[in-house]
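Student: This structure is in C-alpha cells; I'll ask about it shortly.
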Amino acid sequence: DAKTTQPNSMESNEEEPVHLPCNHSTISGTDYIHWYRQLPSQGPEYVIHGLTSNVNNRMASLAIAEDRKSSTLILHRATLRDAAVYYCILRGGGAQKLVFGQGTRLTINP
Amino acid sequence: EAGVAQSPRYKIIEKRQSVAFWCNPISGHATLYWYQQILGQGPKLLIQFQNNGVVDDSQLPKDRFSAERLKGVDSTLKIQPAKLEDSAVYLCASTTLARGLNTEAFFGQGTRLTVV
C-alpha cells in the first residue's frame, strides 16, 4: 500500500485558514488522493479527493503538487467543529483498498 | 439516502466469550469494509468484501475473527473467543464500484467493544 506522511498534530485559531500537509512520494500515476476526517466519537467522514488537479467542495479545497508527491488540504475558515483527526489516503489498484495511517490531530482554538 | 447502519453501538463482554457485530451498507454499494480502531490509533482494515467475495483479509486474525457477507448485502463480523486486546471500536464502511477509485466511502457510527 502506498504510504503517506502527515504531521501528528496541528493547531490553529477559529476563523483562520488551515493548511494540512501530506507527503506521498511513492504515489503511482493512478492513485487518487483522498482525505477523510474523524470527529470525536464518530466514524470517519469523507472530505475531498483528487487525482491531478486542485479540487474544491463545500467543506474544503485540495491542492495537489505538480509532481503529485505532496498535497495540502485547505480549510478556508476553521470553526470549532473542524477539530478532528484528518487522514490523507492514497487509493489505487483494482482492489479499491482504503488504508488509514495515523492522521493529523487538528486542534482549533477559540 | 440512508447511511451505513451498525449494531449494536456498545457491547461489553468477558474475555473468552464470543461476540458478533452487524453492518448494513448503503443500498447498492458493492464494496464493504470492516475496520478495527484501537483508542488513539487510525482505523486498521480487517477485511474487504466486493459483493459477497473477499478481496482482502490479510489483517484479519483468522484464528478468532470471522466475517461473512451473505447475498452481497449486509455483513457480520464475529470474534470467538475474545481477548482483552480486542477492545476497540469496530467500523463498517461501504462504497460503490460505479466510479472505481473516484468515489468516497461512507462509514457507520461503529460498535464500541469492551472486553473485561
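The values are calculated or read from the model by the stated rules, or taken from the named source; none is laboratory data. Computed from a predicted model, the values in this text were never measured in an experiment. Cβ: placed from backbone, ideal geometry, glycine included. Neighbour counts: every protein chain shown. With ligands, DNA and RNA removed, areas are computed over all heavy atoms of the protein, side chains included. Shrake-Rupley method; radii C 1.70, N 1.55, O 1.52, S 1.80 Å.
Student: Restricting attention to segment B:29-57, which residues are open to solvent by 50 Å² or more (accessible area, probe 1.4 Å), under 16 Å from B:C92 (Cβ atoms) and in contact (Cβ under 8 Å) with a residue 40 or more places away in the chain?
Tutor: Selection gives B:Q50 alone.
Student: So which residues in segment A:67-82 are more than 11 Å from A:V18 (Cα to Cα) and either touching a Leu at 6+ places or on another chain (Cβ under 7 Å) or among the acidic types (D, E) (or both), if there are any at all? Steps first, answer last, please.
Tutor: Start the filter on segment A:67-82 by keeping residues that are more than 11 Å from A:V18 (Cα to Cα), which leaves A:67-71, A:80-81.
Scanning segment A:67-82 gives A:D67, A:S71.
Student: In segment B:91-116, what count of residues is obtained for those that are at the interface with chain A (Cβ under 8 Å from one of its Cβ atoms), closer than 26 Å to B:D63 by Cβ and of a type in the set (A, V, I, L, M)?
Tutor: 2
Student: Now, a different point. Anything in segment A:1-27 that is among the hydroxyl-bearing types (S, T, Y), open to solvent by 20 Å² or more (accessible area, probe 1.4 Å) and farther than 19 Å from A:V99 by Cβ? List them, or say none.
Tutor: First, the residues of segment A:1-27 that are among the hydroxyl-bearing types (S, T, Y): A:4-5, A:9, A:12, A:25-26.
Restricting the remaining residues to those that are open to solvent by 20 Å² or more (accessible area, probe 1.4 Å) gives A:4-5, A:9, A:25-26.
Of everything in segment A:1-27, just one residue is among the hydroxyl-bearing types (S, T, Y), open to solvent by 20 Å² or more (accessible area, probe 1.4 Å) and farther than 19 Å from A:V99 by Cβ, namely A:S9.
Student: Condition test on B:S66, is it modelled with pLDDT of 95 or more, hydroxyl-bearing (S, T, Y) and farther than 23 Å from A:L90 by Cβ?
Tutor: Numbers: modelled with pLDDT of 95 or more: yes; hydroxyl-bearing (S, T, Y): yes; farther than 23 Å from A:L90 by Cβ: yes.
Taking the combined requirement at face value, the residue satisfies it.
Student: Something else about it: Criterion first (away from every other protein chain (no Cβ under 14 Å) and closer than 30 Å to A:I33 by Cβ) does B:L77 satisfy it? First the steps, then the outcome.
Tutor: Details: away from every other protein chain (no Cβ under 14 Å): yes; closer than 30 Å to A:I33 by Cβ: yes.
Here the answer is yes, as B:L77 does meet what is asked.
Student: Considering only segment A:90-108, state which residues are over 13 Å from the mean Cα position of the chain (by Cα), surrounded by fewer than 18 Cβ atoms within 10 Å (Cβ to Cβ) and at pLDDT 95 or above.
Tutor: A:T107
Student: Can you tell me which residue in segment A:65-89 is nearest to the other protein chains (Cβ to nearest Cβ), limited to those that are of a type in the set (A, V, I, L, M) and open to solvent by less than 20 Å² (accessible area, probe 1.4 Å)?
Tutor: Looking at residues that are of a type in the set (A, V, I, L, M) and open to solvent by less than 20 Å² (accessible area, probe 1.4 Å), I get A:V85.
Student: I've got another one for you. Could you count how many residues in segment A:28-52 are more than 9 Å from chain B (Cβ to nearest Cβ), under 15 Å from the mean Cα position of the chain (by Cα) and either open to solvent by 10 Å² or more (accessible area, probe 1.4 Å) or of a type in the set (K, R) (or both)?
Tutor: Of the residues in segment A:28-52, 3 are more than 9 Å from chain B (Cβ to nearest Cβ), under 15 Å from the mean Cα position of the chain (by Cα) and either open to solvent by 10 Å² or more (accessible area, probe 1.4 Å) or of a type in the set (K, R) (or both).
Student: Contact list please: Cβ distance under 8 Å, first residue in segment A:43-61 and within 21 Å of B:F107 (Cα to Cα) and in a strand (DSSP E or B), second residue basic (K, R) and at pLDDT 95 or above, pairs at least six apart or on different chains.
Tutor: A:E45/A:R37; A:V47/A:R37
Student: Just to be sure I understand, how many residues within segment A:1-29 are among the hydrophobic types (A, V, I, L, M, F, W, C) and under 28 Å from A:L80 (Cα atoms)? If you could, list the steps in order and put the result at the bottom.
Tutor: So in segment A:1-29, the residues among the hydrophobic types (A, V, I, L, M, F, W, C) come out as A:2, A:10, A:18, A:20, A:22, A:27.
Still in the list and also under 28 Å from A:L80 (Cα atoms): A:10, A:18, A:20, A:22.
The qualifying residues number 4.
Student: Is one or more of the residues making up segment B:83-90 small (G, A, S), surrounded by 17 or more Cβ atoms within 10 Å (Cβ to Cβ), assigned to a loop (DSSP other than H, G, I, E, B) and away from chain A (no Cβ under 14 Å)?
Tutor: Filtering segment B:83-90 for residues small (G, A, S) gives B:87-88.
If we keep only those that are surrounded by 17 or more Cβ atoms within 10 Å (Cβ to Cβ) too, we end up with B:87-88.
With assigned to a loop (DSSP other than H, G, I, E, B) added as a condition, the list becomes B:87.
From what's left, away from chain A (no Cβ under 14 Å): B:87.
For segment B:83-90, residues small (G, A, S), surrounded by 17 or more Cβ atoms within 10 Å (Cβ to Cβ), assigned to a loop (DSSP other than H, G, I, E, B) and away from chain A (no Cβ under 14 Å): present.
Student: Still on this structure, please answer the following. Residues that are closer than 28 Å to A:Y86 by Cβ and more than 12 Å from chain A (Cβ to nearest Cβ): list the strands (runs of 3 or more DSSP E) wholly contained in segment B:7-63 that include at least 1 such residues.
Tutor: Hits in segment B:7-63: B:19-24.
Student: Here are B:T96, B:T31, B:T111, B:T103: which of them is over 25 Å from A:Q102 (Cβ atoms) and β-branched (V, I, T)? Break it down into steps so the answer makes sense when it comes.
Tutor: Values: B:T31 fails: over 25 Å from A:Q102 (Cβ atoms); B:T111 fails: over 25 Å from A:Q102 (Cβ atoms); B:T103 fails: over 25 Å from A:Q102 (Cβ atoms).
B:T96 is the lone residue from the list that is over 25 Å from A:Q102 (Cβ atoms) and β-branched (V, I, T).
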